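The values are calculated or read from the model by the stated rules, or taken from the named source; none is laboratory data. The structure presented is a predicted model; accordingly, all values stated were derived computationally and were not measured. Here the Cβ is made from the backbone with ideal geometry for all residues, glycine too, and neighbour counts use every protein chain on show. In case anyone asks, the SASA skips ligands and DNA or RNA and just uses the protein heavy atoms, side chains included. Shrake-Rupley method; radii C 1.70, N 1.55, O 1.52, S 1.80 Å.
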Amino acid sequence: MGIFLTQIGFTVGEAGPIASLPEIAQPTEVLDRLTRGGLANFRQSDLPAWQLAADSALLTLDSSATAAVDLVVYATDSFWGSDEHELDAARFLQAAGLERTPLIGVGLAGCANFAVAMRTAEACLRGGDATTALIATTDVCPPGQRLLGGGIGVLSDGSATCVATTRRPEQGLQLLGITMAVEAGLHALTPDSDPMAMAMATARGVHRAATALYEKTGLRPEDFSYLVTNNYIESSLEVFANTAGLPFDRTYRGTVAGYGHCFAADALINFATMASERILEPGDRVLAIVAGYNSWACMAFSII
């Protein structure tokens with residue numbers, strides 16, 4: 001049974017220069033590091049995370065697709081700014097026109113939440129519990145906290161959605177495999193207190209996930225035309241590429257400057273942008289690496 005992704009949509013906040021953020025403007029070496037690493041703007045929205053997700057879902061779904069959706073997998077770690085987060089799922093479903101569709105909420109993997117949502121949807125689809133799932137990942141950043149630890153990126157407000165289905169679409173991606181790695185002990189560290197330990201742990205985690213993916217799928221690094229990752233500074237993306245065994249020039253970086261790091265939505269945003277720019281061709285294989293604070297995932301896709 002094949003698992004396919006199609007109809008990717010995304011919604012992000014308004015653009016602003018990273019130099020305007022108080023947590024980044026001083027000291028100047030932080031801004032210089034980010035700029036040299038390829039960042040220019042971040043995205044800020046006044047909308048709650050569930051509303052961004054609903055707006056993205058409306059871009060993904062037309063009336064026929066909405067009727068076909070029999071499962072929603074909703075990923076977020078944004079639980080601040082309100083005392084009624086238990087109502088967010090219902091608000092999202094109603095705004096997206098999916099009032100009676102079962103929803104599974106996932107999270108706690110931070111910026112690797114897309115992989116958690118993807119694995120959840122895959123399990124439900126393969127198990128026969130659903131035939132068409134809407135995957136949504138959405139997050140917004142608390143004020144004053146946009147600078148990522150270690151200065152590897154700037155957080156942006158955004159959501160991305162897609163349809164995961166067992167029915168082969170005319171255009172989209174086929175999931176070839178997904179693997180994850182976790183290092184729970186990293187909760188005791190921060191990138192600022194021990195950057196070398198965090199960097200080494202990240203490399204080990206990506207290596208474990210990539211090695212497991214290659215073993216699971218039988219694919220090798222040279223089988224992939226492109227690498228899609230979180231939108232971090234260039235030096236961090238080089239670590240991902242080198243650890244996974246891919247040449248760095250296969251790394252897609254087209255949204256880093258304009259969008260910043262939209263939490264777990266980066267991979268889908270990058271796929272959608274690559275498709276709109278006509279970069280992807282049928283038969284291309286893409287390796288996606290997503291990373292949370294202490295968890296990493298590798299996903300292999302084939303373009304159809």
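Here are the numbers:
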read-out	value
Cut-off 14 Å between beta-carbons: net charge of the residues surrounding F114, Lys and Arg +1, Asp and Glu -1	-3
Whole-Å distance, taken between Cα centres, linking the stretch 174-199 and the stretch 3-24	23 Å
For the stretch 201-287: accessible area per residue (Å², 1.4 Å)	39 Å²
The stretch 150-284, Rg to Rh (Cα coordinates; Rh as Kirkwood inverse mean 1/r)	0.96
Kirkwood Rh, Cα atoms: Rg over Rh of the stretch 68-219	1.00
Cβ-placed point charges (K, R +1; D, E -1), dipole of the chain about Cα centre in debye, nearest 20	740 debye
Alpha carbon Rg of the stretch 157-216, scaled by the compact-globule rule 2.2 N^0.38 Å	1.61
Of D192, D83, D157, the one that fluctuates the most in a GNM where the chain has Cα springs shorter than 10 Å	D83
Where the stretch 1-114 is the region considered: accessible area per residue in Å², 1.4 Å probe	50 Å²
Ellipsoid equivalent to the stretch 76-116 - semi-axes via the Cα gyration tensor, in Å	19, 15, 7
Translational diffusion coefficient (Stokes-Einstein; Kirkwood radius from C-alpha pairs) of the stretch 217-304 at 25 °C, 0.890 mPa s, in µm²/s	188 µm²/s
Which of S302, A244, L227, positive extreme of dipole for the stretch 151-304 (C-beta unit charges)	S302
Per residue convex hull volume, Cα atoms of the chain, in Å³	124 Å³
Summed residue charge, Cβ within 15 Å of K216's Cβ, Lys/Arg positive, Asp/Glu negative	+2
Highest-fluctuation residue, S193, S82, S235 considered, GNM on the chain with Cα pairs under 10 Å	S82
Dipole magnitude (debye, nearest 20) for the stretch 179-304, charges at Cβ of Lys, Arg, Asp, Glu	240 debye
q = 0.22 Å⁻¹: log10 I(q)/I(0) that the Debye formula gives for the stretch 55-149, counting C-alpha atoms only	-1.19
For the stretch 75-85, 3J(HN,Hα) per residue [Karplus equation, 6.51 cos²θ - 1.76 cosθ + 1.60, θ = phi - 60°, Hz, x = Gly/Pro]	10, 7, 10, 8, 10, 8, x, 7, 9, 10, 5
Span-rule helices in the chain, defined as complete DSSP H runs reaching 30 Å or more along the axis (Cα) with Kyte mean at least 0.0	195-217
Spatial separation of Cα centroids for the stretch 233-248 and the stretch 118-163, in angstrom	22 Å
Computed FRET value (nearest 0.05) for A123 with H187, which takes r as the C-beta separation and R₀ as 30 Å	0.70
Within the stretch 10-169: Cβ-based charge dipole about Cα centre, in debye rounded to nearest 20 (Lys, Arg +1; Asp, Glu -1)	600 debye
